[in-house]
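Please treat every number below as a calculation from the coordinates, not as lab data. Since this is a predicted model, take the numbers as computed values, not measurements. Positions of Cβ are generated from backbone atoms using ideal geometry, with glycine treated the same way; all protein chains shown enter the neighbour counts.
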Amino acid sequence: MPDDVMLEVADLHAFYGESHVLHGVSLTVPKGEVVTLLGRNGAGKTTTLRSIMGIVPRRDGSIRMEGTETVGLAPHRIPRLGIGFVPEERGIFSSLDVEENLMLPPVVRPGGMAVEDIFRLFPNLKERRRSQGTKLSGGEQQMLAIARILRTGATLLLLDEPTEGLAPVIVQQIGRVIRELKAKGFTILLVEQNFRFAATLADRHYVMEDGRIVDMIPNEQLEANMERLHEYLGV
Amino acid sequence: MFEFLGVPPQALFGQLLLGLINGSFYALLSLGLAVIFGMLNVINFAHGALYMVGAFTAWLMLQYLGIGYWPALILAPLVVGLFGIILEKTMLSRLYKLDHLYGLLLTFGLALILEGMFRHWYGASGQPYRIPDALQGGRNLGFMFLPNYRGWVVVASLVVCLGTWYAIERTRLGAYLRAATENPVLVQAFGINVPRMITLTYGFGVALAGFAGVLAAPIYQVNPLMGSNLIIVVFAVVVIGGMGSIMGAIVTGFALGLLEGLTKVFYPEASNIVVFVVMAVVLLIKPAGLFGRER
Ligand SMILES: Nc1ncnc2c1ncn2[C@@H]1O[C@H](COP(=O)(O)OP(=O)(O)OP(=O)(O)O)[C@@H](O)[C@H]1O
Ligand SMILES: [Mg+2]
C-alpha cells in the first residue's frame, strides 16, 4: 500500500444480527484529504463508520489504518491507531460537564491539539466549561463532540453528519472548523447528506446505495456529474 | 432529667446510635450494589453472601493465620474483590448479551451456594470475633455512652462511602466510569477497555461488601446467614434511593438506619417493616427512587 494512504477499506461486509447491511464496501482515504460519504437515509453510511471503529456486531473484509489491519482487533485498540470518532448522535455525556466531556477521550498519540488551541477554535465551549454536557445547544454539542477528539493525537477523524439539524450559521461555522482542521493536516472522512456543504470542503466523494459504494466523484468533477448525483441522492 | 416525648434521652440516643450503625452497613452495601448496577446492569444478588464471605475471611485469617483485625480490614476486601473479579470474568461476563434476569439468577444461585458451603463447614451458629484492643471500651459523651468500636464503624463507613463518591463524581477515573455507565460503546470507541473496566467495577463493588463484612464481624458475630438477613433490607434501601445513584445510596442508607432506630423508640412494633413501608410509598410516588433518574 502506498505511504500516502491513511485508510483503506476493502470488501467490507457488516451485519446487525441476521440483517446484512454492508455488501462489499471499498474506499480509500488518502492522507490529508477530506473525503465524503454521501447517500440517502439507510444507505449504510453510519454503519460504515461504525464498522471502521469496530463497534458493529459483526464485520468481515479488510480495514487498514496506515497499513495496520483492524478487522479482528478489539474495539478499544482501533482508536489507538489514531482514529477519532464523532458519532451521528454526538454522544455528549449528560453525567459529565463540558470540561470532563472534553478531557474524556484518552490521548492515543503525541501531537494532539493543546486545550488552549481547542478553546481558540471553539470559544463558546470555554465559557461553558462547567455546564452539564447535555445542557449545551445542539450546535455547541456538535462542537464539543469534534473538540474532544482533537486532543487525542488522532490523525484520522470520522465525522458522522456534523451539520445535521443545525442552523445555517452554525453549519458555516462547522465548515470553517473542518477547513481549518484540514489545513492543520488532519485527514477527514465525512458523512453528509448535504452535498452542497460537502462540495465546499471535500477532495472526493463516495456515493453509497443499499450498502454498496456505487460511485466515486473527485470534487473537481462534481459540476459535470451534478445530474448523476441528484439522481443518487434523490434531491 | 428531661424527657423527649416521654422517652428518656439515653434510650433515644442509644437507638439512634444503633440505627446509625445499621445505616452504616446499609450505606456500604447499597453503594456497592449501585456501583455494580450502574455499570453492569446486574442486580447483584450475591452481595449479601459476599459480605458474609468478607466477615468469614477475616475470621479465618485470625483463626488459622493469626492475621488480626487491622490487616484483615484491608486483606479481606482484597480477597473478596479478587473472587468477584474471577466470578465476573468466568461467569457474569457471559450473560451481558442476554436478559438482565440471567445475571440476577446467576448471582442468586451463587449466593445460595456460598451460604450453603459456609453452613456446611462452620454450622449455622455464629463465630465470635473480638473487638481489636485499640477499640475496646467506650466513652461517655454526657448524653449517652458510646462504645468505641461502634463509633469507629460509623466513621469508617462514612469515610469509605464519601471517598467512593468523590472518586466517582470528581476524578478522571470516575469520569470514565460515569461515561461508560451512560454509553459504553462510545467510550470503547475512544480507546478505553470497557470490558476490563466492568470487571474491575464488579471487583470494587463486592470488595465494599467484603469491607462491610469485616466491620460487622465484631458486632454481629460471623455467621453464614448474616448476609441474607441484611440484604433484603439493603435491596429496599436501593429501591428507595434509586438504582445507580451513588449519593442516593449513601444518604438513603444512613437515613433509613436512623429511621429504623427512631421507630424502635416510638413504635417498636413497626421497626422491622418501616423500611418496606417507605419503599412502598416511594414506589407509588416516585418509581425511579428518591435520587434516581427515569430511564
Ligand atoms: N442497530 C441496528 N440494527 C439493525 N439494523 C440496523 C441498525 N442500525 C442500522 N440498521 C439498518 O442498516 C441500514 C443502514 O443504516 P445506517 O444507519 O448505516 O444508514 P445511514 O446511511 O447512516 O442513514 P442515515 O442517513 O439515516 O443516517 C438501514 O437499513 C438500517 O435500518
Ligand atoms: Mg447515519
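By how many nm would the segment from A:Glu89 to A:His20 grow when fully extended, if each residue of separation counts as 0.36 nm and the alpha-carbon distance is taken off? Intermediate values should be presented prior to the final figure.
On the way: separation 69, 0.36 × 69 = 24.84 nm, distance 2.25 nm.
So the extension gain works out to 22.6 nm.
Which value at 222 nm does chain A reach when only helices count, each DSSP H run of 4 or more adding -39,500 (n - 2.57), with the total divided by all residues and rounded to the nearest 500 deg cm²/dmol?
-8000 deg cm²/dmol
Sort B:Leu162, B:Leu87, A:Leu189 by Cβ crowding within 10 Å, fewest neighbours at the top. Provide the component values of the computation, followed by the final result.
Numbers: B:Leu162 13, B:Leu87 21, A:Leu189 25.
Starting with the residue having the fewest Cβ neighbours, the order is B:Leu162, B:Leu87, A:Leu189.
Taking each residue in A:84-95, count the Cβ atoms of any other chain within 10 Å of its Cβ, then average. What number comes out?
4
Take peptide B:170-179, look around each residue's Cβ out to 10 angstrom, count Cβ atoms belonging to other protein chains, and average those counts. Don't skip to the end; give the middle numbers.
Numbers: counts 1, 0, 4, 0, 3, 9, 4, 1, 6, 10.
Per residue, the number of nearby Cβ atoms from other chains is 4 on average.
With the Cα gyration tensor of the range A:5-233 in hand, convert its eigenvalues to equivalent ellipsoid semi-axes via √(5λ) and list them largest first in whole Å. Walk me through the intermediate numbers first.
On the way: eigenvalues 145, 88, 55 Å².
For the range A:5-233, the ellipsoid semi-axes come out as 27, 21, 17 Å.
With +1 on each Lys and Arg Cβ and -1 on each Asp and Glu Cβ, how big is the dipole of the protein assembly as shown about its Cα centre, in debye rounded to the nearest 20?
Rounded to the nearest 20 debye, it is 1280 debye.
Among all the aspartates and glutamates, which ones have a C-alpha under 14 Å from A:Lys31's C-alpha, if same-chain residues fewer than 8 places away are not counted?
A:Asp3, A:Asp4, A:Glu8, A:Glu66, A:Asp203
Order these by the 10 Å Cβ neighbour count, fewest first: B:Tyr176, B:Tyr26.
B:Tyr176, B:Tyr26
Convert each backbone phi in the range B:283-288 into a coupling constant with the Karplus relation 6.51 cos²θ - 1.76 cosθ + 1.60 (shift: θ = phi - 60°), then list the ³J(HN,Hα) values in order as whole Hz, x for Gly and Pro.
Residue by residue, the range B:283-288 yields 4, 6, 8, 9, x, 7 Hz.
In debye, nearest 20: dipole of the range A:5-233 around its Cα centre with unit charges on the Cβ of K, R (+) and D, E (-)?
760
Per DSSP helix of 4 or more residues, -39500 (n - 2.57); summed, then divided by the residues of chain B. What does that give at 222 nm, rounded to the nearest 500?
-24000 deg cm²/dmol
Hey, what do the phi angles of the range A:91-105 turn into as Karplus ³J(HN,Hα) couplings, whole Hz, using 6.51/-1.76/1.60 and θ = phi - 60°, x for Gly and Pro?
My calculation for the range A:91-105 gives x, 7, 8, 6, 8, 10, 7, 4, 5, 5, 4, 5, 8, 5, x Hz in order.
Among the lysines, select those whose C-alpha is under 22 Å from the C-alpha of B:Lys264, and discard any that sit fewer than 8 residues away in the same chain.
none
Could you work out the local net charge near B:Leu16, counting Lys and Arg as +1, Asp and Glu as -1, over the other residues with Cβ closer than 13 Å to its Cβ?
On the way: positive: B:Arg150, B:Lys264; negative: B:Glu260.
Here the charged neighbours net out to +1.
What is chain B's relative contact order, in percent, from Cα pairs under 8 angstrom and six or more apart in sequence?
Dividing the mean separation by the residue count of chain B yields 38 percent.
For the range B:78-233, just say rounded, prolate or oblate: build the C-alpha gyration tensor, square-root its eigenvalues into a ≥ b ≥ c, call rounded for a/c under 1.5, and beyond that prolate if a/b exceeds b/c, oblate if not. Walk me through the numbers on the way to the answer.
Numbers: a/c = 2.94, a/b = 1.44, b/c = 2.05.
The shape class here is oblate.
When ranked by the protection proxy of mean other Cβ atoms within 10 Å per residue, highest first, what sequence do the peptides A:201-211, A:114-124, A:162-172 form?
For the peptides A:201-211, A:114-124, A:162-172, the packing ranking is A:201-211, A:162-172, A:114-124.
Roughly how many whole Å is it from the C-alpha centroid of the range A:140-208 to that of the range B:138-154?
The range A:140-208 and the range B:138-154 have Cα centres spaced 64 Å from each other.
Roughly speaking, what is the centre-to-centre gap between the range B:212-254 and the range B:85-115 when only Cα atoms are used, to the nearest Å?
20
I'd like the distance between the alpha-carbon centres of the range A:7-59 and the range B:15-73, rounded to an integer number of Å.
Centre-to-centre (Cα) distance: 48 Å.
Treating the Cα atoms of chain B as identical point scatterers in vacuum, please give the log10 of the normalised Debye intensity I(q)/I(0) at q = 0.07, 0.09 Å⁻¹, two decimals.
Each listed q corresponds, in turn, to -0.27, -0.44.
Using a basic spin-label model with each label point 7 Å from the Cα along Cα→Cβ, how many nm lie between A:Leu233 and B:Phe266?
The answer from the label model is 6.9 nm.
Taking neighbour Cβ counts within 10 Å as the exposure measure, how do B:Met52, A:Met103, B:Met39, B:Met61 sort from fewest upward?
Placing the least packed residue first, the sequence is A:Met103, B:Met61, B:Met39, B:Met52.
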